[in-house]
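Starting off with a structure, shown below.
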Amino acid sequence: MTGRWQWFVPGRLEIFGKHTDYAGGRSLVAAVPRGIAIAAVASDDGLVVIEDAMVGQRATFRSDGSGQADGWRRYVATVIRRLLRNFPGANLSTRIEISSTLPRAAGLSSSSALVIAIAEALIARAEIEASPLWQKTIPSLETRAAYFGCIENGASYGPFEGDGGVGTHGGSEDHAAILSSRAGWLQQFAFTPLRLEHAIAMPEAWTFVVASTGVRAPKTGSARAAYNRASDAMVRVARAWRSQYPDDQRPIGQLVRDGESVAALALSDDLRVRLEHFIAEDARVALATDAFARGDVVEVGRLAQASQRDAERLLGNQVPQTGEMVALARDCGAAAASGFGAGWGGSAWALVPIADASAFLNEWLHAYRARHPFLASEGFIAPPSDGVRRL
């Protein structure tokens, strides 16, 4: 153990796959060039102390994970408690400094990036990876991402007992993208269990541009309740299937792809709408992966329009500003655009030629700010980037 560690933990871009991962669906994702820089130093006083260098905030936690746990600190406390639950006696005493270039609550998964950053620091500090149980249970990046997803959502993972997590019933899409991405590549994952299905090169001469609406999308309060309603609806669909086929434990996504008659279930209207969205969006992921592989940006644009339309019409996780941001991107010349992330605020991505990206971003933000001068929108060019890097 060196006693000092550094990482860069990026945010993620959800290209296709809105609210699909926690039901065994698929998503097409990449990391973005912005993220969290983290530096950790071992200590011996039984405390985990976090300094946020960007905003000048500090958090201190005792060895049992107790301490102030509001806002971003709740994610830190969750990681500490979960690691201590799964690895009793682990020495997590650490001094950690973080600095983020990610817009917060903007759909870029700043919360999952923070979970991963803190987990990586504490796992290194306590040498948890050296334990036989870790090595047996978490032998790959995919299993690591799945475990980190379970830290966040509170689910058990193999022999590692779960808890309450941070209170959101999400999946592991964010963690897969943040850990596994490669610069210049898009990756299609399937979930429950998490597995990489395809990796395709970004079409030559094209890039993504991201702009935030300025409408914050935190996974707290009413937004958390809305997020969990979307997630819990798919749990209820799965229960309806298993009430008829109790021995069939396949997730909904696998059932749909296997051609089972899930849509024929007797469901309430709200569950039928939720299932309709899931089936359509899950299918679009594979179609979009093929279109990107062919360099067919026209087809990507058509699929992105359908994804945005269904998010507004069926999923209901959009706000007027995300729809405006997407429409303005098309008006400014984007080949494709869509809102992304958990929803109820956040950001949109646009697909544009690399040569036009800077001018496009300026025009896009200018058009949006003219409509919403009091919203703190911002943007950046976002080519598919590397995942977590040890520095």
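Every read-out reported here was derived from the displayed coordinates using simple, explicitly stated rules and does not represent laboratory data. For clarity, every value in this text was computed on a predicted model and none was experimentally measured. As a convention, Cβ positions derive from the backbone with ideal geometry for all residues, glycine included, and neighbour counts pool all protein chains shown.
Taking the Cβ of each residue in Phe16, Phe191, Phe8 as the centre, tally the other Cβ atoms inside 10 Å and list the residues starting with the fewest.
The most exposed by this proxy come first: Phe8, Phe191, Phe16.
Under the rule of -39500 (n - 2.57) per DSSP H run of 4 or more residues, summed and divided by the residues of the chain, what mean residue ellipticity at 222 nm is obtained, to the nearest 500 deg cm²/dmol?
-13000 deg cm²/dmol
In debye to the nearest 20, how big a dipole does the chain give about its Cα centre with +1 on each Lys and Arg Cβ and -1 on each Asp and Glu Cβ?
540 debye
Can you give me the orientation-averaged projected area of the convex hull built on the Cα atoms of the stretch 1-51, in nm²?
Dividing the Cα hull surface by four gives the mean projection, 6.0 nm².
Over the alpha-carbon set of the stretch 163-301, work out the extent along each principal axis and list the three values in angstrom, largest first.
50, 37, 28
Got a sec? How would Met325, Met202 order by Cβ neighbour count within 10 Å, fewest to most?
The fewest-first ordering by Cβ neighbours comes to Met202, Met325.
Which of Trp349, Trp134, Trp185 ends up with the largest GNM mean-square fluctuation for the chain, with Cα atoms connected below 10 Å?
In the Gaussian network model the winner is Trp134.
Still on this structure, please answer the following. Distance between Cα centroids, the stretch 1-60 to the stretch 300-330: provide it in whole Å.
Their Cα centres are 28 Å away from one another.
Hey, another quick one. Go ahead and run the numbers for FRET between Glu378 and Ala264, Cβ-Cβ distance against an R0 of 41 Å, rounding to 0.05. Could the numbers behind the result be given before it?
Values: r = 46 Å, r/R0 = 1.12.
Calculated transfer efficiency: 0.35.
Related question: Neighbouring Cβ atoms within 10 Å as the yardstick, rank Val237, Val298 fewest first.
The fewest-first ordering by Cβ neighbours comes to Val298, Val237.
Across 5 Å bins from 0, what is the distribution of all Cα-Cα pair distances for the stretch 233-298, in whole percents?
With a bin width of 5 Å, the distribution comes to 3, 16, 26, 21, 12, 9, 7, 5, 1.
Any idea what Rg and Dmax come out to for the stretch 58-114 if you just take the C-alpha atoms, in Å?
Reported Rg and Dmax, both Å: 12.3, 36.
Picking from Pro103, Ala59, Ser27, whose Cα lies most toward the positive end of the charge dipole for the stretch 25-142 (charges on Cβ: Lys, Arg +1; Asp, Glu -1)?
Ser27
Right, another one. Two-decimal Rg/Rh of the stretch 274-391 from alpha-carbon positions, Kirkwood Rh?
Here the Rg-to-Rh quotient is 0.98.
Would you give the gap between the C-alpha center of the stretch 67-97 and the C-alpha center of the stretch 107-135, rounded to a whole Å?
10 Å
With no solvent and one point on each alpha carbon, what is the Debye value of log10 I(q)/I(0) for the stretch 139-227 at q = 0.15, 0.23, 0.25 Å⁻¹?
Each listed q maps to, in turn, -0.73, -1.14, -1.19.
Using the eigenvalues of the Cα gyration tensor, what equivalent ellipsoid semi-axes result for the stretch 1-136 when each is taken as the square root of five times the eigenvalue, whole Å, largest first?
26, 19, 14
With springs connecting C-alpha atoms under 10 Å apart, model the chain as a Gaussian network and identify which of Arg242, Arg82, Arg330 has the largest mean-square fluctuation.
Most flexible of the set in this elastic network: Arg242.
Using a Gaussian network model of the chain with C-alpha springs under 10 Å, which one of Ala238, Ala30, Ala359 is most mobile by mean-square fluctuation?
Checking each option, the largest mean-square fluctuation is seen for Ala359.
Across all directions of projection, what mean area in square nanometres is found for the Cα convex hull of the stretch 179-257?
It is 8.2 nm².
Give, rounded to the nearest 20 debye, the magnitude of the charge dipole that the stretch 182-317 has about its Cα centre when Lys and Arg contribute +1 at Cβ and Asp and Glu contribute -1 at Cβ.
For this selection, approximately 500 debye.
Rg and Dmax in Å for the chain, alpha carbons only: what are they?
Taking only Cα atoms of the chain, I get Rg and Dmax of 20.5, 59 Å.
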